[in-house]
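Down below is the structure, laid out as structure tokens.
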Amino acid sequence: MIDRVTTVADAVAAHVRAGQTLMVNGFGRPGVPFSTLAHLAAYADGYGDLTLIKNDASEPGLGVDLLLARGMVRRMIATHIGLNPDFIAQLNRGEVETELVPQGIFAERIRAGGAGIPAFLTDIGLGTEVAEGKRTVELDGRELLLETALRGDVALIGASVADRTGNVWWRGSTRNMGMVMATACDRVIVEAEEIVDTGALEPENVHLPSAFVDAVVPAGPRPHLQDQGGAS
């Protein structure tokens, strides 16, 4: 069995490069790989010009906002940015190229990327800003939008539990986009709140098999939870 447990610093050094496309799990606070993102932000000079694919833009001072605030992000693909007024100001100033995508389409584009499907057709977004600049196709007398798949270089995923070989389990909604993002990226770093010995997870409880995972790193302290007593 391959032991994939390593440090955040070593995992980032091995798999992340400037100019890459990173998929980042989490919506709001659940599922966000806070320690991995904080490490990237601490070495902003070495990891700039990034494209981020994440459900939301996090809150000011948390998660991917650490990268946005340091000017590390060239392009952002997201479904919801309303929790981050700082990023909205960046968008309005034209500092970050931004694509806003309906959440269901966002999830399906990532799923398609992981399944090897280059594009799919949908009527969602027709007649709205979502359709601007996109191809349309007529099928059975219906006009449909052509939505292309999303893929990334590295997935950064927060998880509840991982074993040492990289099998992963999530608690509740912390899973959100983690599974499909792992299938749609060339490399996967899992930041786990708890790391257990291989075999401790029952096979039927494994949400993401170790075959998709390149590194498992321990989640560090969550400063925003110190006075809340909640899960991340």
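The values are calculated or read from the model by the stated rules, or taken from the named source; none is laboratory data. Source: prediction; values computed, not measured. Glycine also receives a Cβ, built like all others from the backbone with ideal geometry; neighbour counts cover every protein chain displayed.
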_Which count do you get for residues in region 41-65 that are under 21 Å from ALA14 (Cβ atoms), outside any loop (DSSP other than H, G, I, E, B) and of a type outside the set (Val, Ile, Thr)?_
7
*In region 99-147, what residues are closer than 18 Å to ASP186 by Cα, outside any loop (DSSP other than H, G, I, E, B) and either over 24 Å from the mean Cα position of the chain (by Cα) or not charged (D, E, K, R) (or both)?*
ALA107, ILE110, ALA112, GLY113, GLY114, ALA115
*Specify the residue that is nearest to PRO203 (Cα to Cα); the eligible residues are those in region 117-130 that are small (Gly, Ala, Ser) and exposed (fewer than 15 other Cβ atoms within 10 Å of the Cβ).*
ALA119
*asked:* Quick test for you: out of ARG29, ARG17, ARG4, pick the one residue that is basic (Lys, Arg) and farther than 21 Å from VAL213 by Cα.
replied: ARG29
*Among the candidates GLY158, GLY166, which residue alone is in contact with a Lys or Arg (Cβ under 9 Å, 6 or more places away or on another chain) and either outside any loop (DSSP other than H, G, I, E, B) or in contact (Cβ under 8 Å) with a residue 60 or more places away in the chain (or both)?*
GLY166
*Residue among GLY199, GLY230, GLY158 that is modelled with pLDDT under 95 and either touching a Pro at 6+ places or on another chain (Cβ under 6 Å) or more than 17 Å from GLY26 (Cα to Cα) (or both)*: GLY199
*asked:* What pairs come out if I take residues in region 46-64 that are under 15 Å from PHE34 (Cβ atoms) and touching a residue at least 40 places away in the same chain (Cβ under 8 Å) and pair them with residues that are among the charged types (D, E, K, R) and assigned to a strand (DSSP E or B) whose C-beta lies under 8 Å away, six or more apart or interchain?
replied: VAL64/LYS54
*Kindly check whether there is at least one residue in region 98-106 that is crowded, with 20+ Cβ neighbours inside 10 Å and not acidic (Asp, Glu).*
yes
*Within region 65-79, can you find the residues that are without any contact (Cβ under 8 Å) to a residue 40 or more places away in the chain and in contact with a helix residue (DSSP H, G or I) (Cβ under 9 Å, 6 or more places away or on another chain)?*
ASP65, LEU66, LEU67, LEU68, ALA69, ARG70, GLY71, MET72, VAL73, MET76, ALA78, THR79
_Tally of residues being over 20 Å from PHE34 (Cα atoms) and not acidic (Asp, Glu) across region 76-100_ = 10
*Return the total of residues in region 117-142 being in contact (Cβ under 8 Å) with a residue 24 or more places away in the chain, closer than 16 Å to GLY104 by Cα and of a type outside the set (A, V, I, L, M).*
2
*Does region 196-208 contain at least one residue that is more than 20 Å from GLU108 (Cβ to Cβ), surrounded by 13 or more Cβ atoms within 10 Å (Cβ to Cβ) and among the small types (Gly, Ala, Ser)?*
yes
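Considering region 146-168 alone, what residues qualify as being more than 18 Å from THR6 (Cα to Cα) and crowded, with 19+ Cβ neighbours inside 10 Å?
From region 146-168, those more than 18 Å from THR6 (Cα to Cα) are 146-153; that's our starting set.
Once the filter is applied, which keeps residues that are more than 18 Å from THR6 (Cα to Cα) and crowded, with 19+ Cβ neighbours inside 10 Å, region 146-168 yields GLU147, LEU150, ARG151, GLY152.
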*Among the residues of region 165-211, which ones are in contact with a Ser or Thr (Cβ under 8 Å, 6 or more places away or on another chain) and among the small types (Gly, Ala, Ser)?*
GLY166, ALA192, SER210
